[in-house]
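These notes are about the structure you will find just below.
Any read-out appearing in this document is the output of simple, stated calculations on the displayed coordinates, not a laboratory observation. What you see is a predicted model; the values in this text were computed from it and never measured. Here the Cβ is made from the backbone with ideal geometry for all residues, glycine too, and neighbour counts use every protein chain on show.
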Amino acid sequence: MRPVRARAPVRIDLAGGTLDIWPLGLCFPPGAVTVNAALDLPVEAEVRPAADETITLRSTDLACEAVYASRAELRRALDEGACELPLLGHAVLALAGRGGLCLTTNADLPAGSGLGGSSALLAATLGALDCAYGGALDARALQALAQDVETSLLRTPTGYQDYFPPLLGGCLALERRVGGLDVHPVPVDLAALAERLRLVWTGEPHHSGLTNWGAVRAYLAGEPATVEALGRIACAARGVWEALAAADLDGALQAMLADGAARHAMAPGIATPTIDALDRAVRAAGALGTKICGAGGGGCVLVLLPAGSSHSAIDRALEAGPGVVLPLRLTAEGLRLERLDS
């Protein structure tokens with residue numbers, strides 16, 4: 001193997017989250033759409049060969065390291081729930097070739113942010129491992145493998161949307177249809193879109209697996225509020241895609257607000273008291289409103305801004321809290337792989 005470093009963005013979901021979990025995407029003809037964009041808060045993974053069969057897993061941001069004498073020892077630790085870095089361990093077992101290795105990762109963003117950080121980290125890790133051992137997989141194959149690995153680890157249904165921005169970059173419309181999934185790059189001015197948004201970390205981690213699975217179960221059980229809300233989300237997501245494709249940022253942001261309102265109505269736990277306070281504060285300062293990132297219940301929130309050259313009143317309100325403003329730069333670049341000399 002050759003030493004490799006991988007770098008990948010995370011994502012902001014603009015509309016249609018939760019619909020990327022099977023079978024929901026097939027329940028809204030002509031097919032549900034999820035729209036997202038790559039956010040330049042990158043995660044990194046580096047793979048280096050070891051001199052023996054030892055497997056070292058190291059997370060810089062978690063300040064954690066786990067060392068296993070062999071692949072068999074790593075497998076036993078995972079089976080017994082004793083691996084301190086299970087996401088990395090499952091990635092190694094899924095893709096690494098023979099011999100030992102050292103895998104080091106870093107994700108410099110809040111845990112439970114709702115930005116798809118763990119999925120981006122997994123995509124970067126699998127991309128680095130694949131490149132180190134020959135580079136046989138394309139982006140769609142890496143996405144499918146990453147989703148399988150994360151599902152087997154979490155033991156709950158996972159969606160597909162979180163893996164595509166890290167791998168491909170840009171703004172994407174992911175359209176689920178009978179027989180497949182179409183990935184549509186959306187020709188949007190990323191800088192112009194970013195100017196109309198602010199990203200706020202609430203300080204409250206969320207658990208997207210439980211929140212999303214609750215929505216899936218409620219929909220399949222025919223719970224009226226969830227069925228209605230997901231239908232509204234499906235309409236709003238297609239509206240975001242169509243507006244962005246037509247360079248209509250005002251229309252796209254209004255459709256994002258519709259997605260957010262439907263998500264609020266779906267379950268009371270999606271909006272926390274902190275999120276509600278943030279929404280009231282920025283609306284009073286002139287913002288259009290807010291859109292929860294990911295499944296809600298905490299994490300990050302997007303603040304949607306009206307057209308105009310100055311948003312100083314809104315920015316002052318954000319500085320006063322609640323929450324912490326994070327940098328928001330959208331990027332057209334996805335997974336980057338660098339082969340290292342040593």
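To the nearest µm²/s, what D does Stokes-Einstein give for segment 21-111 at 10 °C and 1.306 mPa s, using the Kirkwood radius over alpha carbon pairs as Rh? Could you put the intermediate results ahead of the total?
Numbers: Rh = 15.4 Å.
Answer from the Stokes-Einstein relation: 103 µm²/s.
Phi angles across segment 26-40 convert, under the Karplus curve 6.51 cos²θ - 1.76 cosθ + 1.60 with θ = phi - 60°, into 3J(HN,Hα) values of 9, 9, 10, x, x, x, 6, 10, 10, 10, 8, 8, 6, 10, 7 Hz, Gly and Pro given as x.
When every Cα-Cα distance of the chain is counted in 20 angstrom steps from zero, the calculated P(r) takes the values 32, 56, 13, 0 percent.
Computed 3J(HN,Hα) for segment 314-319, one whole-Hz value per residue from the Karplus formula 6.51 cos²θ - 1.76 cosθ + 1.60 where θ = phi - 60°, is 5, 5, 5, 5, 5, 4, glycine and proline marked x.
Overall shape of segment 191-326 was characterised from the C-alpha gyration tensor. The equivalent ellipsoid obtained from it has semi-axes of 25, 19, 11 Å, in decreasing order. Cysteines in the chain that lack a partner Cβ within the 4.7 Å cut-off: Cys27, Cys64, Cys83, Cys102, Cys131, Cys171, Cys235. Between amide H atoms placed 1.01 Å from N, distances below 5 Å from Cys102 occur with Arg48, Ala50, Thr56, all of them 5 or more places distant or on a separate chain. Sorting 3-10, 246-253, 20-27 by their mean Cβ neighbour count within 10 Å, with the most densely packed peptide first, gives 3-10, 20-27, 246-253.
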